[in-house]
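Quick notes on the structure that follows.
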Amino acid sequence: MKTLKTLMIIGVISLGLFSFTKAMQEEWKVPAKYEKMTNPEEASKENLAIGKSLYAKHCKSCHGKDGLGDGPKADEVDGDLGDFSSEEFQAQSDGALFYKSYIGRDDMPNFEKKMTEEDMWLTVHFMRTMGE
């Protein structure tokens, strides 16, 4: 009887933790203001090279060289690092990518004090090349 009670308690706790974990993985809502933004920077060869350099400096350690979420620090991150080459990722608006990358949440750091908005837009242009 005692074993049954213990198993029931463990089951209830496990279910509660599972539900809590699922709730924490909610869809990342992007404010309409950002969702509608378009990239103000030109996707020139020079700007793509700058974006690539910024990506290598700020993003590659977690997201990996090709944006597959396999960077050397990826194991330290709890959330899904995504696959930048996927149709789902590439279907997001430029503004959504800017918001998620620049503002961040949870394990995704905020870059407002590390990069200019222009630099982040150039990084967004580079992230777009990963879907080609």
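A few remarks follow.
- Checked against (1) of a type outside the set (D, E, K, R); (2) modelled with pLDDT of 95 or more; (3) more than 14 Å from V124 (Cβ to Cβ), S14 passes all but a single condition, namely (2).
- Scan segment 92-108 for residues that are under 21 Å from A56 (Cβ atoms) and in a helix (DSSP H, G or I) and the total you get is 6.
- Within segment 35-91, being within 15 Å of the chain's Cα centre (by Cα), in contact (Cβ under 8 Å) with a residue 24 or more places away in the chain, surrounded by 15 or more Cβ atoms within 10 Å (Cβ to Cβ) and in a loop (DSSP other than H, G, I, E, B) holds for C59, G67, V77, F84, S85.
- G82 being modelled with pLDDT of 95 or more and small (G, A, S): no
- Among residues of segment 43-79, those that are at pLDDT 95 or above, touching an Asp or Glu at 6+ places or on another chain (Cβ under 7 Å) and at negative phi, counted: 3
- Selection of segment 36-61 for residues being among the hydroxyl-bearing types (S, T, Y) and closer than 14 Å to L97 by Cβ yields T38, Y55.
- Any chance D106 is charged (D, E, K, R) and either on the phi > 0 side of the Ramachandran plot or in contact with a Cys (Cβ under 6 Å, 6 or more places away or on another chain) (or both): yes
- Residue match in segment 99-120 (condition: crowded, with 16+ Cβ neighbours inside 10 Å, more than 20 Å from P31 (Cβ to Cβ), under 10 Å from the mean Cα position of the chain (by Cα) and at pLDDT 95 or above): no
- Selection within segment 109-132: residues that are touching a Leu at 6+ places or on another chain (Cβ under 9 Å) and not in a helix (DSSP H, G or I). The member of this set that is nearest to M37 (Cα to Cα) is M115.
The values are calculated or read from the model by the stated rules, or taken from the named source; none is laboratory data. Model, not experiment: these values are computed from the prediction. Because the Cβ atoms are built from the backbone with ideal geometry, glycine has one as well, and the counts that use them run over all protein chains shown.
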